[in-house]
Amino acid sequence: MKNKRYAIVLDTEKCLDCKACTVACKAENGVPLGRENYRNWVEEDELRGTYPNLGQSSTPGQCMHCGNAPCKRVCPTGATGASPEGIITVNDKKCIGCKYCMTACPYNARYYSEKLEAVDKCTFCQHRLAQGRLPACVETCPTKVRLFGDINDPESEVSKILAKRRSRVQKAEMGTKPYLFYLI
Amino acid sequence: MTTLAALTRRPGQLAWFGFLGTGILIGMIAVASVFLRGHGHALNVTREIPWGILISTYVFFVVSSTGLCLVSSLGDVWGFDKFAIIGRRGHLLAILTLVTGFGVMAMELNHPIRMGIYAVISPNLSSPIWWMGALYGIYLILLIGEFTGLMLGFKKMAFTMGLLGFMAAISAHSNLGAVFGLLDARHYWYGSYLPIYFILSALVSGGALTALIVYFNHKARGKALNPTYTEFMLTMGKLQALFLGVLMFFVVWKIIPGLYGQPPEKYEATMALLTGPLAVNFWMFEVALGMVIPFVILINKKTRTPLGVTVAALLSTTGIFFMRYDLVIAGQIVSMRGEAGHAGLLQYFPSLAEMGIVFGAITLCLFLYTLAEKFLPMEGGHRH
Amino acid sequence: MENMLSKKLNRRRFIGLSSCALAGVAVGSQVKVLRALAMTGEVANVTAVTEKEVFTSCGMCVNKCGVIARVRDGVIYKLDPNPHFLKSRGMLCARGNSGVQSVYDPDRLKYPMIRVGERGAGQWRRASWDEALDLVAARLNEVADKYTRAGVMFASSEGFQEHFFLTFAECFGSPNTVRHASLCLASNMQGFGATFGSNPTPDVLNADYVIMSGANRSEALITPDSIDMVTGNGGKRKLVYLDPRFTKSAAKADEWYPIAPGSDLAFILAMIHVIVKEGLYNRSFIENRTVGFEALVPHIEPYTPEWAETECEISAENIRRIAREFAAAAPRAVYYQGRRSSFFDNDTQMRRAMAILNVIVGNWDVKGGMVPTQTIALSTHDYIAPWYSRLDAGTATFLSEKDGSWKHFRDRVLEGAPYPVKGMMVYKQNPVMSVPNREKTLKMMAQMDFICTIDVTMSDTAWYSDVVLPEATYLERLDPAHALSGIVPVVTYREPAIEPLFESKPNLWIMQQLAKRLGDEVYESFDFTMEEYLEHQTTRNPAILESLKKTGVYYEWTEPKYGTTAGQRLKTPSGKLEIYSERYAERGLDPLPVYSRVEQVPKGKYRIIVGRHAFFTQGTTQNNPYLNDIMPENTLWLNTREADRLGLKNGSKVRVRSAVGEEVLRLEATEKIRPDCVYMAHGFGAMSQGLSKVYSRGGCDAALIEDGVEPISGNVSMHQTFVEIMPA
């Protein structure tokens, strides 16, 4: 039996850009107030066209929990690690605040938490998973843009949808092997 | 008591110490404000530009240290006798700039103490920053050893330490280049260019600072340069012209690949330097003050006088300070989520606290050096 | 008079219980508060979690989504969506999630406060509840003695405990309750009510074709429509969206038309024209279920798509195509009526036209169509008509007795006729920020002898009051059961997640205390505990309370029911769907919607339009720290080309001037708006320093918008103001 490998599949077509995921995450994970402090986000993509022929999409994101994580590679003290399920974690007690991981992350998924005195990031709500709950962003989303599950389980929802539909990862060319899959 | 009396007798010195004292005080206030208000409030670094002027100043200091070590080793290690006269001063300043550099970085780090603990008990050997700490640590020990050897006249020790120190300096410093150069997320930095460039630019820094300490030491003591020192200054000038020439070559070849074919992110960062928010820094400080004017002064026989070399050195040092700043900022100025976000560059400008720390660090370094000059026998140590 | 009062009150004695002390209301201690503030958002710890989970219902907007409040060590740290609450499809939006901050925001009202300086100067002193309540009771009596009991107005808006405020108004003896409806959906209710007999619910989940105008569902979130719009029908349904702005709904739409503001009626009439002319309507349905179709046929003759094109700027070709597609998709096609309809002075007739369009394609009471709005009955007391007539009586053809019309009401207060209104009680409403023409509202308040506001934050209205009473937030209260209507109606309620912080109190307690001070006859109506009230509400069906306690919700059925009105009389005078309204004809109104062009934008000016963002609820959540982080300031949207033409730079400060006010805010040059319109988000530019994040930040739309009014319902018309823009 293989290890679990958690992943999120996103259907951005459904995203309303309502920011529910961002606020839910902030509340769930005690992210300090402030515009720069967030573990997940919704980017408004560039507006296409000119008035009156317009189009716009939005792209939610968070730590991609990369299989080949540059943040983990550069951390001098091993504060950044990975759980057996592939969750990229930060041990805040070991973090020296050099912010090297922040410069190394191609997704801008990390921020420095004044409260923790350490770099902080998405954990797929590990503590909720332990209680049998979904990550807060997944659960709260009005249109359920995100699907969370174990990609090593071929019968999981995420595996099935990834089999059925085409998807992409962000900045694939970086070779980071992200585990956030965006349906095309 | 004697110092005080001496000070009052010499108003220039009083002014100098007054200036340094003020600088250090400003630095202390800035440091206090960081502790009182927290990093997030006192520093202007953001989640997208996490490294600001403190990191670039750290780089400036450690590059200076490396450069000083390399240049002043020319005498003790490599047997260029002309350079032996700056052995002690050069190595002392190399130690001081390195230590000050660490101090500045500690202000950017939130937990320097944790670094000491976890770098040892849970090291991550794939981290360039871990290697940076290790190599600079070794380098510092060797520098101190060499300096001790020089001061006590243990030539053998000085030589051995010096040779090892030289190698440590090259390793540590090229590794510092790799701290940036191994970040594949940052296209402007990524590649083998920076480790090499850092060594070269260190020579410019070291050469300039060496010229400066020689010249101002004499000025401050009201002494004229003796022929040996004059000769040294002129040689240093020539060498510096060469260093600057190579540096210009490096800068040109940094820019061309940044423009050619408009490589994503690299191009935007390069353009930020050439025509964007960093353009004044780049053209005025880096190019004009840092390289072209000093180069013109130094290749011209008429202006390549001890004073001319000093002026050129002062300009280069200033330019290099901006060079470090631009390098650090340009590497981060393009948003990491550009593909999803709005094209356009991020903004960063140092806060008062950050500038205060930088100013405090520079003055502290000068202060320590001045004290050393006052209390340690910096002359001598060179073979005659 | 007194006799009459007691008689009415006796009729209202629905729980005949002996007066018992209000033991249930505890006071949060200061220490606890400090700890709570310090610990908010504590990171969850995997181990050693001693959590309490409390069923409640979101109070951040009107949707009242089911919530499970997670409480640790007496601190609410997270609000999760209640999966049993089907109406919201198991979601909780940004506002819902930010609800914790309504409790722990340092800006919340903490103690009763009495004004000491000039009104609006912001000088307050903290008072005890006793002193504040004594003062309020005394001043209310003073106004009543000097003028009449109708001399006190009661302004409030929806909420689970608003009922007690309205009851208090009734017991006090004032007919002058002024609610939010006339700033919002009064014309909508009227237009659809006149046609359907009630306001039906569009079955967005199952509709194949949806046309939306005046409803930005991706941002003005309404459950379940906002969700179903995107995910319903496997996301395959077609959405045609009309809006002068390219909103996030426009981004989700299959077709977006930046329609000329105020011309929706032309578009709809032309659609009806096409459907009627081409015989695409549902004949048998029209024969059996409707009245007045024969009058419609000649009526729509002049409203050709070619004519409409010149009005609404949507090509005749597209109007024809959309009309045909709509009819082809019927009955699983809806022209979505939206909620807020306070746009133009033709709004009731416009909604009438929408309703008629829906009727003729026969989408009534079928899957994917317009479904009768269902509700679950809770026991309550009889409504007693007030014995005075309302101050604004007769100002609109069909004025709601309970809601009134803010615009007309305020005008009459200022006129002092037909009688003076000199006292103002406000609950959970913020007219200073929300009623167009702020200057007038402030003038109206200036002539009041006494103003008391009950709220959770220092709103602009509270700021201009004499006494401010801190209400406990929705997370700190046990609230009555509340029926939410819809295709699948639901009952929800609130258990307190924590005890009220500081000295805040539930509104029921506040009303009880005031009632006590007004005399035993008044108090009789309040002589019960919330627990007793809940029990009373569910006496006819105890299963409700049981289910609420177990799952936080109560349903009678969970799948939509269709066809329930077959063979039933509708609540219209004819008992059928009324294409032609006899009642309108009797009142001298157009019995079929007649198009009249709204005032056009004068040269050099812009029409100011208002709208919503998904993270703000009217003017109430802009100061919430979580939400303010998302959008800390509002901007003035202006089309990029217009900004270039005026030489105004994106991000620069501009002055916006209308006939009634002037505001300064930053410009946002954008492609996302018609060149003849400007837009600004509501809720910024506050005057209250008690709202520290929005005080003086951005601009206030209410300060600029003129107080036009729709004559049939008395709803304000907010899109009829023209502004000039200049550099500031």
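Since every read-out is calculated from the coordinates, none of them should be taken as a lab result. Note that this is a predicted model, so its numbers are computed, not measured. A quick note on method: Cβ atoms are made from the backbone with ideal geometry, for glycine too, and the neighbour counts reach across all protein chains shown.
I need to check one value: relative contact order of the range C:254-344, counting alpha carbon pairs closer than 8 Å and at least 6 residues apart, in percent.
On the way: 74 pairs, mean separation 35.6, N = 91.
Result for the range C:254-344 is 39 percent.
If R0 equals 30 Å, the separation of the Cβ atoms of C:Asn318 and C:Ala728 corresponds to a calculated FRET efficiency of about 0.15.
Note on B:Met28 and B:Ala15: the extension gain reaches 2.7 nm, defined as 0.36 nm multiplied by sequence separation minus the Cα-Cα distance.
Among the trypsin sites (Lys or Arg not before Pro) in the range C:132-240, those located in a DSSP loop and surrounded by at most 11 other Cβ atoms within 10 Å of their own Cβ are C:Lys236. Stretching the chain fully between B:Phe375 and B:Thr230 yields a gain of 49.8 nm (0.36 nm per residue, less the alpha carbon separation). If you wrap the Cα atoms of the protein assembly as shown in a convex hull and average its projected area over all directions, you get 56.4 nm². First measure r as the distance between the Cβ atoms of C:Ala138 and C:Thr539, then evaluate 1/(1 + (r/R0)^6) with R0 = 35 Å and state the FRET efficiency to the nearest 0.05. Once the sixth-power term is evaluated, E becomes 0.40. Calculate I(q)/I(0) for chain A by the Debye formula, one identical point scatterer on each C-alpha and no solvent, and give its log10 at q = 0.10, 0.15 Å⁻¹ to two decimals. Each listed q maps to, in turn, -0.39, -0.89. Pairs exceeding 19 Å between alpha-carbon atoms, taken from C:Lys52/C:Lys78; C:Lys87/C:Lys428; A:Lys2/A:Lys164; C:Lys64/C:Lys549: C:Lys87/C:Lys428; A:Lys2/A:Lys164.
Taking label points 7 Å from Cα along the Cα-to-Cβ direction, C:Lys549 and A:Lys177 give a separation of 5.4 nm.
Within chain B, which complete DSSP H helices have Cα atoms spanning at least 27 Å along the helix axis and a mean Kyte-Doolittle hydropathy of 1.0 or higher? Before the final figure, lay out each step's value.
Numbers: long enough: B:11-37 (38 Å, 1.44); B:53-76 (34 Å, 1.59); B:87-108 (32 Å, 0.89); B:128-152 (35 Å, 1.50); B:155-181 (37 Å, 0.92); B:193-220 (40 Å, 1.23); B:227-259 (48 Å, 1.20); B:306-330 (35 Å, 1.40); B:352-375 (34 Å, 1.50).
Qualifying helices, which must be both long enough and hydrophobic enough, are B:11-37, B:53-76, B:128-152, B:193-220, B:227-259, B:306-330, B:352-375.
Dividing the convex hull volume of the alpha carbon atoms of the range C:606-727 by its residue count gives 110 Å³ per residue.
Selection among B:Met291, B:Pro257, B:Pro227 by position relative to the dipole of chain B gives B:Pro227 as farthest towards the positive end (Cβ unit charges, Cα centre). Note on C:Arg72/C:Lys443: beta-carbon distance plugged into 1/(1 + (r/R0)^6) with R0 of 41 Å gives a FRET efficiency of 0.25. Under the rule that an exposed site lies in a DSSP loop and has at most 12 other Cβ atoms within 10 Å, name the longest stretch of chain B with no trypsin sites (Lys or Arg not before Pro) of that kind, not counting the sites themselves. Free of exposed loop sites, the longest segment is B:1-220. Once the gyration tensor of the Cα atoms in the range C:169-217 is diagonalised, the equivalent ellipsoid follows with semi-axes of 32, 13, 10 Å, ordered largest first.
Short version: what are the Cα gyration tensor semi-axes of the range A:1-94, square root of 5 times each eigenvalue, largest first, in whole Å? Write down the numbers at each step before the final one.
Working: eigenvalues 189, 60, 37 Å².
So the equivalent ellipsoid measures 31, 17, 14 Å along its semi-axes.
Where Lys and Arg each count +1 and Asp and Glu each count -1, what net charge lies around B:Val251 among other residues with Cβ under 14 Å from its Cβ? Could the numbers behind the result be given before it?
Values: positive: B:Lys254, B:Arg324; negative: B:Glu286, B:Asp326.
With Lys, Arg at +1 and Asp, Glu at -1, the net is 0.
Centre-to-centre, using Cα atoms only, the range B:209-231 and the range C:498-539 are separated by 89 Å. Equivalent ellipsoid of the range B:199-302: semi-axes from √(5λ) of the C-alpha gyration tensor, largest first, are 34, 13, 11 Å.
Working from label points 7 Å from Cα in the Cα-to-Cβ sense, the C:Val594 to C:Arg119 distance is 4.2 nm. Each other residue within a Cβ distance under 13 Å of A:Ala163 adds +1 if Lys or Arg and -1 if Asp or Glu, for a net charge of +1.
Given the rule -39500 (n - 2.57) for each run of at least 4 DSSP H residues, summed and divided by the residues of chain B, what is its mean residue ellipticity at 222 nm, to the nearest 500 deg cm²/dmol? Intermediate values should be presented prior to the final figure.
Details: 14 runs with 273 residues, N = 384.
Result for chain B: -24500 deg cm²/dmol, rounded to the nearest 500.
Projecting the Cα positions of A:Cys98, A:Asn68, A:Trp41 onto the charge dipole of chain A (unit charges on Cβ atoms of Lys, Arg, Asp and Glu, taken about the Cα centre) puts A:Asn68 furthest along the positive direction. Every Cα-Cα pair of the range B:45-349 was included, and the share exceeding 26 Å stands at 46 percent. Less than 5 angstrom separates the built amide H of C:Val371 from those of C:Thr201, C:Asp203, C:Asp365, all sequence-distant by 5 or more or on a different chain. How many angstrom lie between the C-alpha centres of the range A:125-184 and the range C:278-318? The range A:125-184 and the range C:278-318 have Cα centres separated by 48 Å.
Look at the stretch B:358-369: the mean tally of other chain Cβ atoms within 10 Å of its residues' Cβ atoms is 0. In chain A, what cysteines have no partner Cβ closer than 4.7 Å? When partners are defined as cysteine Cβ atoms under 4.7 Å apart, chain A leaves A:Cys15, A:Cys18, A:Cys25, A:Cys66, A:Cys75, A:Cys95, A:Cys98, A:Cys105, A:Cys125, A:Cys141 without one.
Dipole of chain C computed with +1 at Lys/Arg Cβ and -1 at Asp/Glu Cβ about the Cα centre; of C:Met425, C:Ile544, C:Gly575, farthest Cα towards the positive end is C:Ile544. Annotation for B:Thr305 and A:Glu46: the two label points, set 7 Å from Cα along the Cα-Cβ direction, are 5.7 nm apart. Rounded to the nearest 20 debye, the dipole magnitude of the protein assembly as shown is 3780 debye, with +1 charges on Lys and Arg beta carbons, -1 on Asp and Glu beta carbons, and the Cα centre as origin.
Sort A:15-22, B:243-250 by the packing proxy (mean of other Cβ within 10 Å over each peptide's residues), most packed first. Display every interim value, and only then the final one.
On the way: A:15-22: 27.0, B:243-250: 18.5.
Result, highest mean Cβ count within 10 Å first: A:15-22, B:243-250.
Are any of the pairs C:Lys407/C:Lys693; C:Lys402/C:Lys505; A:Lys26/A:Lys160; A:Lys144/C:Lys236; B:Lys266/C:Lys653 more than 23 Å apart by Cα-Cα distance, and if so, which?
C:Lys407/C:Lys693; C:Lys402/C:Lys505; A:Lys26/A:Lys160; B:Lys266/C:Lys653
Note on the range C:606-727: with charges restricted to the Cβ of Lys and Arg (+1) and Asp and Glu (-1), its dipole about the Cα centre is near 320 debye. May I ask you to list the trypsin sites (Lys or Arg not before Pro) in the range C:622-728 that are in a DSSP loop and have at most 14 other Cβ atoms within 10 Å of their Cβ? Passing sites in the range C:622-728 are C:Lys649. When both the range C:567-614 and the range C:167-212 are represented by their alpha-carbon centers, they are found 14 Å apart.
The radius of gyration of the Cα set in the range C:331-446, together with its Dmax, comes out at 18.9, 53 angstrom. Here chain C is treated as a sphere whose radius is the Kirkwood value from Cα pairs; by Stokes-Einstein at 37 °C and 0.692 mPa s it diffuses with a coefficient of 124 µm²/s.
Think of it as helices only: each DSSP H run of n ≥ 4 in chain C is worth -39500 (n - 2.57), and spread over all residues that comes to -8500 deg cm²/dmol at 222 nm. Each Lys and Arg Cβ is given +1 and each Asp and Glu Cβ -1; about its Cα centre, chain C then shows a dipole of about 580 debye. Here the 3J(HN,Hα) profile of the range A:25-33, calculated from phi with Karplus coefficients 6.51, -1.76 and 1.60 at θ = phi - 60°, is 5, 4, 5, 4, 9, x, 5, x, 4 Hz, Gly and Pro shown as x.
Restricting attention to the protein assembly as shown, close to 60% of DSSP beta bridges with both partner residues there are antiparallel. Summary value for chain C: 20 percent relative contact order, contacts being C-alpha pairs under 8 angstrom separated by 6+ residues.
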